[in-house]
């Protein structure tokens, strides 16, 4: 009976009888890489995230899940804010030094000369209950 079993296929009796070999370091690394790759390629974005843009005393709120380019007027001119794949950045600004173009969203991106503030907010875990109150 064992003569007809394909050597590339692990028979079920080998699994049941615990006759399989121990995993090697290469097996473990391969398994870990296969687990991590989908997380990197398809990061989970919270649907409760929003982008808040403040300029000239006005606040504009947009969902972080919708890709768009938003023109925002400031004292120096128009600043363009891009929302793409849940990430936010400033892609154009009339400010002289353009440091805001290189900022990555952490808590906020600001263009001080043009007075534009871009924040990304998440509502996860912000509920107030009687214990934390």
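The values are calculated or read from the model by the stated rules, or taken from the named source; none is laboratory data. Predicted, not measured: the structure shown is a model, and the values here were computed from it. All Cβ positions, glycine included, derive from the backbone under ideal geometry; neighbour counts span all protein chains shown.
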Would you check if there is a residue in the stretch 13-22 being assigned to a loop (DSSP other than H, G, I, E, B), more than 30 Å from residue 91 (Cα to Cα) and at pLDDT 70 or above?
yes
Of all residues in the stretch 76-105, which are touching a residue at least 24 places away in the same chain (Cβ under 8 Å) and within 15 Å of residue 53 (Cβ to Cβ)?
79, 81, 83, 88, 90
Does the stretch 97-106 hold any residues that are part of a loop (DSSP other than H, G, I, E, B) and exposed (fewer than 14 other Cβ atoms within 10 Å of the Cβ), and which are they?
97, 98, 104, 106
If I go through the stretch 77-96 residue by residue, how many of them are part of a loop (DSSP other than H, G, I, E, B) and either modelled with pLDDT of 85 or more or touching a helix residue (DSSP H, G or I) at 6+ places or on another chain (Cβ under 7 Å) (or both)?
5
Subset of the stretch 25-76 (residues that are loosely packed, with under 10 Cβ neighbours inside 10 Å and part of a loop (DSSP other than H, G, I, E, B)):
42, 44, 57
